[in-house]
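Read the structure below first, then the notes.
Every read-out reported here was derived from the displayed coordinates using simple, explicitly stated rules and does not represent laboratory data. Model, not experiment: these values are computed from the prediction. Methodologically, a virtual Cβ is constructed for each residue, glycine included, from the backbone with ideal geometry; neighbour enumeration extends over all protein chains shown.
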Amino acid sequence: MKRIVIGTLALLEVGLISMKSPSLLAAAVLEPVHGPAGRGKIIYEQTCLPCHQADAGGVPGMNPPLRKSPYVQGAPATLIGIILQGLNDGVEIDGETYSNPMPPFGAVLKDNDIADVLSYLRSHFGNKAAPISNLQVGRIRQTLPNKNNKNKQLKDGYH
Amino acid sequence: MKKTNICAALVLVLVAGSSFFFPDLHGKLLSPASYLKLPGDFRAQVIADNLGAARHLAVSKQGLVYVKLAKLKGGNGIIVLEGVNGDGKAAKETGFGNFIGTGMYIKGDYLYASSNTDVYRYQLNDRGEVIDTASPERIVTGLLDRREHNSKSIVLDNNGNLYVTIGAYSNACQMQDRTKGSPGINPCPILDSAAGIWQFKADKKNQTYDDGVHYATGLRNVVGLDWNQSLDQLFVMQHGRDELFQLDPDLYNAKESAELPAETMYALRKGDNAGWPYVYYDQFQKKKILSPEYGGNGHTTGGENAIDPIDAFPGHMAPDGLLFYTGSMFPERYRNGAFIAFHGSWNRAPEKQKGYFVVFQPFRNGKPDGKWEIFADNFAGSDDISSPSQALHRPCGLAQGPDGALYVSDDVKGTIYRITYSNK
């Protein structure tokens, strides 16, 4: 009996490990995403996926995951600021640190692009948070010193 | 569409269940060694598991295994495994050293270990044990750690010199790292203190950049390196640059960007320049190509003063370990050839990821001889990996035991594999 229980548990565990990503991927495929979140999905795939990956699982030690993410589900102002200005502060999530810098996208993405991709992220990959509007993005952008919102790395220079 | 996905998912569960941890006849769960794929007559055993971020490792001549961790385990950054024999786990696992890092190397009576800024050494006794775990000598200090590519790998030669790799805190030395449209800085200021190899005295305390010799430059990020004993020469594996397509979609498509540029092996001499960031190596054209950030178009060559690699591998597979095999346990063809531990890719997305394996490159007369081959495969537990966090294990470090066994570390779960050969 014990043997069977262990076997079943092992199967379940493996099932969970291997299903984690495919099921999320499948969910994204199975449920067509309409409206702003649909546009957000396209922006995610074109702009964010190369580093944060198809399942939003990130790259261990390098690029942080965006699934079930405290950052994605956190304060909109911080999140919008990261997309506009980039981030090079050594993010730590669940005891893991991430070394690659996030480039700024303020000059690449428009307010509605950022609102759409964030709304998509905040309603997918295990995240649950309110959508973000163009106006919210616009307001944060106005508070930044430079309309293009260059990364502070540029100001500091390399040495 | 829906049906296909569910079927695919079911198949995945079944395949996963049968090949990963399926209980054997005695109800015992199979170890990660059981799904490694090795050539016939080679066997793998797991001598330790769950060490966490196990980076490089070294084996003393008495058979003690030292593993460097990039995350502390129980407050320890170095794990010692004792009592390794033909089957199962090491009898004893202890730890010391309260710093994280990657480098681990044994030379003579000393164990060398690196943090992301310093190199330390510990004296060993005649049983291969560290005499004083609490007070290592600090050999090098104050090396640059700007997070990106901050591992400091180490190796020693036979003349009392220590070599330390210092990776570039950048992808391609753009004004703004990894940012589309941002030009390359010319000359690249990173090269003065990173993106190269520095040589230090192996026995002198508290050396800084000023005491070191800037041994080689133009190397974006080297994690795997080894001293080739038969040639008495330093060999390194460079991680090639990322994101050609993402940064220059007019010049490269996603498929090209998943394969380019090559991960490269260099045989180095003092003063060598491998060309980063101005050029990258294209393994299809077999040329050094001018980087797009420096005016390149995917075809124009550059780097006339830079050396060519001695070997080239597909892009983004991340070579983290290099070992020239000098043992006698493996068949003759492995002698003086190179084992390379590839950590596996992330920058192939949206293409499928690959390279979670250990490669063997045969050598003859000091040169690669014939095509490289996959030696140990399926560390990831599947060949269908779309995102690196799906990989169950990722090879990182390599070491050779006194009996000629090959040790491989994994920095996902911290599994330590011992690979042996027997045709009896």
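Structure notes:
- Remark: spin-label model distance A:Arg139-B:Asn158 equals 7.1 nm, labels positioned 7 Å along the Cα→Cβ axis.
- Chain B: most fluctuating residue of B:Ser382, B:Ser153, B:Ser114 per GNM, C-alpha cutoff 10 Å: B:Ser382
- Computed E for B:Thr94/A:Ile42 - FRET, C-beta separation, R0 41 angstrom, nearest 0.05: 0.20
- Legend: mean number of C-beta atoms from other chains within 10 angstrom of residue C-beta atoms, peptide B:233-245, equals 1.
- Here the 3J(HN,Hα) profile of the stretch B:314-319, calculated from phi with Karplus coefficients 6.51, -1.76 and 1.60 at θ = phi - 60°, is x, x, 6, 7, 6, x Hz, Gly and Pro shown as x.
- Euclidean distance between Cα centres, the stretch B:331-376 to the stretch A:104-129, Å: 39 Å
- Hydrodynamic radius (Kirkwood) for the protein assembly as shown, which is based on Cα pairs only, to one decimal in Å: 24.8 Å
- Counting only other chain Cβ atoms within 10 Å of each residue's Cβ, the peptide B:148-155 averages 2.
- Dividing the summed helix terms, -39500 (n - 2.57) for each DSSP H run of n ≥ 4, by the number of residues in chain B produces a 222 nm estimate of -2000 deg cm²/dmol to the nearest 500.
- For peptide A:52-63, the mean count of partner chain Cβ atoms within 10 Å of a residue's Cβ comes to 6.
- Working from label points 7 Å from Cα in the Cα-to-Cβ sense, the B:Asn297 to A:Lys68 distance is 5.0 nm.
- Phi to ³J(HN,Hα) by Karplus 6.51 cos²θ - 1.76 cosθ + 1.60 over the stretch B:142-159, Hz, x for Gly, Pro: x, 6, 5, 10, 10, 6, 5, 6, 9, 4, 10, 8, 9, 7, 10, 9, 9, 10
- Taking chain B and dividing mean pair separation by its residue count, relative contact order in percent (alpha carbons under 8 Å, at least six apart): 15 percent
- Of all beta bridges that DSSP places with both ends in the protein assembly as shown, some 95 percent have antiparallel geometry.
- Those GluC sites (Glu not before Pro) in the stretch B:280-372 that DSSP places in a loop and that have at most 15 other beta carbons within 10 Å: B:Glu304, B:Glu351
- Taking the inverse of the mean reciprocal distance over all distinct Cα pairs, the Kirkwood hydrodynamic radius of the stretch A:34-156 comes to 14.4 Å.
- Three-way shape label, the stretch B:310-424, alpha-carbon gyration tensor, a/c 1.5: oblate
- Centre separation in Å (Cα based) which lies between the stretch B:266-302 and the stretch B:91-167: 32 Å
- Diffusion coefficient of chain B by Stokes-Einstein, Kirkwood radius over Cα pairs, 20 °C, 1.002 mPa s: 97 µm²/s.
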